[in-house]
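The values are calculated or read from the model by the stated rules, or taken from the named source; none is laboratory data. Here the structure is a predicted model, which is why all the values come from computation and not from measurement. Note that we place each Cβ from the backbone using ideal geometry, even for glycine, and neighbour counts take in every protein chain shown. We work out accessible area using only protein heavy atoms, side chains counted, and drop any ligands, DNA or RNA first. Shrake-Rupley method; radii C 1.70, N 1.55, O 1.52, S 1.80 Å.
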Amino acid sequence: MGRRKENITYPSGTISTSLNEGSVGSGLDFSPSLDAGATVAEHYRPRVSYYMREQAGNFHYGRQHPMKPHRLTLTNHLVLNYGLHKHMDVYEPRRATEDEIREFHAEDYIDFLKRVTPDNQAAMQACFSSFNIGDDCPIFDGMWDFCRIYSGASIEAARKLVSGAADIAVNWMGGLHHAKKYEPSGFCYVNDIVLAILQLLRYYPRVLYVDIDIHHGDGVQEAFYTTDRVMTCSFHKYNGDFFPGTGAIDEMGSGLGKFYAVNVPLQDGIDDRSYTQLFKTIMTAVMDTFKPGAIVLQCGADSLGCDRLGVFNLSIAAHGECVRFMKRFGVPLMVIGGGGYTIRNVARCWTYETGIVCGAELPSALPDTVYRDFFAPDYSLHPQLSGRVVNHNSRAYLNALTARILEQLRYLKGAPSVQMSEAPPDIQGFLEDQERHEKDVREEREKEEKEDRRGRREHLAELYESDHDQDQEGD
């Protein structure tokens, strides 16, 4: 199938490192006119594919566990009852195969996920410490099937972009960004994002990963830490203790990947204006510098205000503005889920963002569904979520943070792979390169740890300590 080509102009212009600190609950109007200096591709009418599978919302981590896959059911019912399915192609994806999951995850770990169940977990408990099984990552009924469902959807979404059959692919089931090659982490068992990016790398020389979950996208960063073909950019809370404890501004990559990991560590309570201005400034510079062939946008909704595990003050409109901004670049875009533990707000957020990628304006009054009572008492797409947490992100802090990141990106000017014109190598060769670099990464980190013990380095992201941390669990 031929790929449709459109002349899309990157939003560009003068990048300012000065950010105005907005007030909490300022009621901002996120309209295209707010993007000073941006050239908006108003003619861009993307073909959107949407992936949903009814069974995905029926899995259950446990009664007290904050991860509730039922949020997917709430989201799909809102999407369908708003009529958004009329604006996109809706697919029920197949499950990922074992071979597809093996492209990233280790053989013994996959074998464990396949075999362990609630019925035999007592007999397999000796393996739990090896595979990080515990309260965050429990064994639950249908766990392996759940992994195959959400991973299969992300793989299919990536392939749809590669084939040119879609310009934007949406999979709210995916986005489980903490899973590692050898173990689960932070409620995530299989890293569908890494599997999807590996598919995209078969066609695109460079892929950009953007993460707006409140937790650092550590699993994806670790997977591509030593390559210059993937840039990871994560906006998250960081104080050294908040889960997963990574994501300092000086985590920039290693080897060929030096400077290709961009981390934006934030403090509690960031509001709409501060977050969106910071996001647009940094992402404009990233796009101008890296020029990716495809983008993967992880839309974890735990960065919303009033989230069960979150400490930000973002409204659904501000969260969605990040999606709208990335859509305007006109680059093939994969939009995926992630964290989010106040499930009524997760469903609202992801429904609103589905509307954004479809170019549909949604009325604030929610449509009737069988789950209407979840959204009481306001029954609105945009409830008041701001103002619960004091904003500890000062203007000086955000300006310094922006300046540091823009300086990091300047090191990429003229980097050989940024101008790559030849066809990318086969995926197996890429994976073998990753393996060869793993030893170098470990040695470099051990060296940094020794330096820390001799004299702890001061991180910009640690200028503000906070007592407002809530659960230090992952998503």
Residues of the stretch 124-174 being small (Gly, Ala, Ser) and closer than 23 Å to Gln55 by Cα, in sequence order, are Gly142, Ser151, Gly152, Ala153, Ser154, Ala157, Ala158, Ala169, Gly174
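Just to be sure, is Asn132 open to solvent by 30 Å² or more (accessible area, probe 1.4 Å), in a loop (DSSP other than H, G, I, E, B) and touching a strand residue (DSSP E or B) at 6+ places or on another chain (Cβ under 7 Å)?
Working: open to solvent by 30 Å² or more (accessible area, probe 1.4 Å): yes; in a loop (DSSP other than H, G, I, E, B): yes; touching a strand residue (DSSP E or B) at 6+ places or on another chain (Cβ under 7 Å): yes.
Yes.
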request  = Would you be able to say whether some residue in the stretch 27-42 is open to solvent by 40 Å² or more (accessible area, probe 1.4 Å), modelled with pLDDT of 50 or more, assigned to a loop (DSSP other than H, G, I, E, B) and among the acidic types (Asp, Glu)?
outcome  = yes
Per the filter on the stretch 332-344, residues open to solvent by 10 Å² or more (accessible area, probe 1.4 Å) and either over 17 Å from the mean Cα position of the chain (by Cα) or closer than 21 Å to Leu80 by Cα (or both) are Thr342, Ile343, Arg344
Pairing a residue in the stretch 163-186 that is open to solvent by less than 10 Å² (accessible area, probe 1.4 Å) with any residue that is among the basic types (Lys, Arg), where Cβ atoms lie under 6 Å and the two sit 6 or more apart in sequence or on different chains, gives Gly164/Arg3; Ala166/Arg47; Ala166/Lys160; Ala169/Lys160
Picked from the stretch 195-216 (must be buried (at least 24 other Cβ atoms within 10 Å of the Cβ) and among the charged types (D, E, K, R)), the residue nearest to Ala301 (Cα to Cα) is Asp213
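Okay, residues lined up against (1) on the phi < 0 side of the Ramachandran plot; (2) out of contact with any His (no Cβ under 8 Å at 6 or more places or on another chain); (3) free of Cβ contacts under 8 Å to residues at least 40 places away in the same chain:
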site	(1), (2), (3)
Asp99	yes, yes, yes
His105	yes, yes, no
Lys114	yes, yes, yes
Thr117	yes, yes, yes
Gln125	yes, yes, yes
Ser129	yes, yes, yes
Asn132	no, yes, no
Ile139	yes, yes, yes
Trp144	yes, yes, yes
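Table: residues versus (1) within 23 Å of Ala248 (Cα to Cα); (2) not charged (D, E, K, R).
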site: Phe312; (1), (2): yes, yes
site: Met334; (1), (2): no, yes
site: Gly338; (1), (2): yes, yes
site: Asp378; (1), (2): no, no
site: Leu385; (1), (2): no, yes
site: Ile405; (1), (2): yes, yes
Considering residues that are among the acidic types (Asp, Glu) and either touching a Ser or Thr at 6+ places or on another chain (Cβ under 8 Å) or not in a loop (DSSP other than H, G, I, E, B) (or both), the number found within the stretch 226-267 is 1
With criteria (1) assigned to a helix (DSSP H, G or I); (2) on the phi > 0 side of the Ramachandran plot, Cys306 comes up short on (1)
For Gly255, the lone unmet condition from (1) farther than 23 Å from Val346 by Cα; (2) in contact with a His (Cβ under 6 Å, 6 or more places away or on another chain); (3) crowded, with 24+ Cβ neighbours inside 10 Å; (4) small (Gly, Ala, Ser) is (3)
